[in-house]
Amino acid sequence: HMELESPPLLALCLKKIPALDRMKLVDALWVWTEPNSMRLRIRLTVRVEVADKVMVQQRVPVELKIKFSQCPDCNREYTNRTWHAVLQLRQKRPDERKGLLLMEAALARNPNVRKHVLSMDISRHGFDFYFLQLSDAQAFASYLSRIAPMRIKTSQKLVSTDARNNTANIKHSVSCDMVPLCRDDLILINKMHATGKLAGRLCLVSKVSSAVHLIDAAPSRTVSVPTDELGPEKYYKSGGDKAFRVMLSPKRMTRFIVLDVDIYRQDNSNNNNNNDDDDWTLYRGPQSGISKHAIADVEVARESDMGHSDETFRCVTHLGNLLQVGDVVLGYDIVNAVASGGEEWLVDQQHTGGGFNSSFDMPDVVLVKKAKATTTTTTMDHHHDDQDKTLRVSKKKERRRRKHDKKQRNLEEAAARMGFLQDDDTLAAERQEFEKQLELDTDLARELEMAEQDLEP
């Protein structure tokens with residue numbers, strides 16, 4: 001900022017006069033003008049040689065106009081198609097968008113993270129975020145990697161170059177491929193492609209943060225519950241979907257009624273343990289003083305079969321400290337299930353090609369989590385489509401218009417969920433669910449706080 005009629009402003013104005021390059025400047029003075037006139041007047045005394053040793057000196061008034069403008073960076077930021085880096089967030093999962101919804105809730109919760117986003121667009125398997133600088137896109141990708149495991153790659157493309165000024169216009173692309181595993185997925189770890197203590201067995205995804213936390217879906221009767229962690233490097237290096245195949249997703253879960261629970265204990269592992277209320281405590285949080293998971297033999301029946309059939313199932317589960325008789329639990333009914341992709345449940349070694357271990361026994365039921373009591377409310381959604389009946393357009397144009405409107409509507413809904421649009425009604429459910437998840441997952445909350453501190457200037 002420069003004051004009016006100040007020497008720095010006078011020097012700046014003299015640089016804007018190209019005729020001074022061909023003559024000698026003797027003196028320069030300010031001429032008073034109205035401050036609100038958007039004009040600057042200068043009286044110059046110049047000297048020029050017109051003949052051999054003949055010098056002419058003259059006073060020249062100069063008037064300059066003041067025009068407001070933005071700096072190049074600000075002008076590029078508020079102009080369309082001036083981005084220099086794009087972040088492509090993808091999760092190639094055909095059945096649902098659970099992982100992307102978690103990203104939307106996390107971005108809606110942190111306005112400081114999305115302040116450098118110029119614009120966004122939706123694609124088939126994710127979103128595209130546009131940034132002014134590559135550093136902003138890399139910081140944004142670093143924050144996203146704290147929420148879900150992903151493989152990050154950076155590439156660049158030369159748009160134009162100026163050999164005279166030795167400058168180039170380069171656009172960068174940051175590709176973020178999320179691991180297509182979500183919480184409560186039932187996956188098969190193929191022992192022919194992956195290694196680890198859970199290779200060749202069915203596993204459940206217990207938690208997703210910067211790594212995927214796995215737990216044995218059909219554990220043996222041991223004291224400890226077999227668990228493992230899966231990072232993005234190990235997932236893609238092992239072969240991705242070939243090594244960690246999603247057999248059933250949470251949409252395929254069935255409700256079961258718990259009929260009997262026998263906690264496994266090392267001192268009486270060969271006997272049925274009829275648990276009494278005096279020595280059996282349920283896990284109700286970290287303050288309970290017991291572990292969340294415990295091996296137990298559970299007898300369950302389908303909730304839909306109650307009163308119609310007496311068929312029951314016994315299975316070994318890791319939810320021993322969470323269940324009691326009469327509870328409703330969600331799980332996978334493997335007896336009546338069909339694997340994703342149209343494949344059947346083949347356990348024999350010669351048919352699976354060594355996917356399962358030879359000692360693995362396929363369970364009839366896999367219990368995932370305890371169902372919470374929820375109240376169902378009926379809401380009526382009224383959608384009114386304003387269509388002009390008087391205009392007759394061709395079917396091709398009508399399909400094109402509907403496709404464009406659907407894409408624009410999906411873009412606005414996604415932007416509203418991530419907080420780019422001020423739509424509190426749309427964000428309420430996702431924010432509440434994400435806050436509950438942060439309360440239960442202290443590690444994820446700590447990682448998000450550290451990521452927010454790294455982004456602060």
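Identify all residues within segment 198-223 that are among the hydroxyl-bearing types (Ser, Thr, Tyr) and touching a residue at least 60 places away in the same chain (Cβ under 8 Å); write none if there are none. If you could, list the steps in order and put the result at the bottom.
First, the residues of segment 198-223 that are among the hydroxyl-bearing types (Ser, Thr, Tyr): 206, 209-210, 220, 222.
Matches in segment 198-223: 209, 210, 220, 222.
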Practice prompt. May I ask you to list the residues in segment 370-403 that are open to solvent by 80 Å² or more (accessible area, probe 1.4 Å), at pLDDT 75 or above and under 20 Å from residue 331 (Cα atoms)?
Written response: 370
Discussion item. Where the second residue is open to solvent by 10 Å² or more (accessible area, probe 1.4 Å) and the first is farther than 18 Å from residue 254 by Cα and lies in segment 356-367, which pairs have Cβ atoms under 6 Å and are six or more apart or on separate chains?
Written reply: 356/347; 360/201
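Restricting segment 12-40 to residues that are free of Cβ contacts under 8 Å to residues at least 40 places away in the same chain and under 18 Å from residue 1 (Cβ atoms), which is surrounded by the fewest Cβ atoms within 10 Å (Cβ to Cβ)? Lay out the reasoning, then the answer.
Of segment 12-40, the ones free of Cβ contacts under 8 Å to residues at least 40 places away in the same chain are 12, 14-15, 18-40.
Next, from what is left, pick out any that are under 18 Å from residue 1 (Cβ atoms): 12, 15, 30, 35-36, 38, 40.
Values: 12: 12, 15: 8, 30: 16, 35: 9, 36: 6, 38: 12, 40: 19.
Checking each candidate, the answer is 36.
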Discussion item. With the requirement that a residue be surrounded by fewer than 19 Cβ atoms within 10 Å (Cβ to Cβ) and of a type in the set (A, V, I, L, M, F, W, C), what does segment 155-198 give you?
Written reply: 158, 159, 163, 168, 170, 192
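Filter segment 128-149 for residues that are open to solvent by less than 40 Å² (accessible area, probe 1.4 Å), in a strand (DSSP E or B) and out of contact with any helix residue (DSSP H, G or I) (no Cβ under 6 Å at 6 or more places or on another chain) and give the result. Steps first, please.
Looking only at segment 128-149, we keep the residues that are open to solvent by less than 40 Å² (accessible area, probe 1.4 Å), and these are 128-129, 131-132, 136-137, 139-141, 143-145, 147-149.
Subset that is in a strand (DSSP E or B): 128-129, 131.
Across segment 128-149, the qualifying residues are 128, 129.
Find the strands (runs of 3 or more DSSP E) located wholly in segment 1-117 whose residues include 1 or more that are among the basic types (Lys, Arg) and farther than 30 Å from residue 177 by Cα, and list them. Talk me through it step by step, then tell me what you get.
Working: elements: 24-31, 39-51, 54-65, 85-90.
Counting at least 1 such residues, we get 24-31, 39-51, 54-65.
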Worksheet item: Among the residues of segment 41-61, how many are open to solvent by less than 70 Å² (accessible area, probe 1.4 Å) and more than 14 Å from residue 19 (Cβ to Cβ)?
Response: 3
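Rundown of residues vs (1) on the phi < 0 side of the Ramachandran plot; (2) at pLDDT below 85, yes/no style:
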residue	(1), (2)
240	no, no
255	yes, no
258	yes, no
263	yes, no
269	yes, yes
275	yes, yes
299	yes, no
Discussion item. Going by what's in this entry, would residue 255 be described as under 24 Å from residue 326 (Cβ atoms), touching a helix residue (DSSP H, G or I) at 6+ places or on another chain (Cβ under 6 Å) and surrounded by fewer than 18 Cβ atoms within 10 Å (Cβ to Cβ)?
Written reply: yes
Worksheet item: Mind checking whether some residue in segment 3-15 is at pLDDT 90 or above and in contact with a Ser or Thr (Cβ under 6 Å, 6 or more places away or on another chain)?
Response: no
Worksheet item: If the Cβ limit is 8 Å and pairs must be 6+ apart or interchain, which residue in segment 57-71 that is closer than 11 Å to residue 40 by Cβ and free of Cβ contacts under 8 Å to residues at least 60 places away in the same chain pairs with which residue that is in a loop (DSSP other than H, G, I, E, B) and of a type in the set (A, V, I, L, M)?
Response: 62/17; 65/38; 66/38
Worksheet item: With 198, 186, 282 as the choices, which residue is in contact with a Ser or Thr (Cβ under 9 Å, 6 or more places away or on another chain), closer than 30 Å to residue 307 by Cα and at pLDDT below 90?
Response: 282
Practice prompt. Please name all residue pairs, on different chains or six or more residues apart, with Cβ atoms under 6 Å, provided the first residue is in segment 321-347 and is modelled with pLDDT of 85 or more and the second residue is polar (S, T, N, Q).
Written response: 333/254
Item to complete: Within segment 75-108, track down each residue that is modelled with pLDDT under 80, open to solvent by 50 Å² or more (accessible area, probe 1.4 Å), out of contact with any Ser or Thr (no Cβ under 9 Å at 6 or more places or on another chain) and more than 20 Å from residue 124 (Cα to Cα).
Response: 77, 78, 79, 81
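The values are calculated or read from the model by the stated rules, or taken from the named source; none is laboratory data. Everything numeric here is computed off the predicted structure, so don't read it as measured data. Please note: Cβ atoms are built from the backbone with ideal geometry, for glycine as well, and neighbour counts cover all protein chains shown. All accessible areas refer to the heavy atoms of the entire protein, side chains included, with ligands and DNA or RNA removed. Shrake-Rupley method; radii C 1.70, N 1.55, O 1.52, S 1.80 Å.
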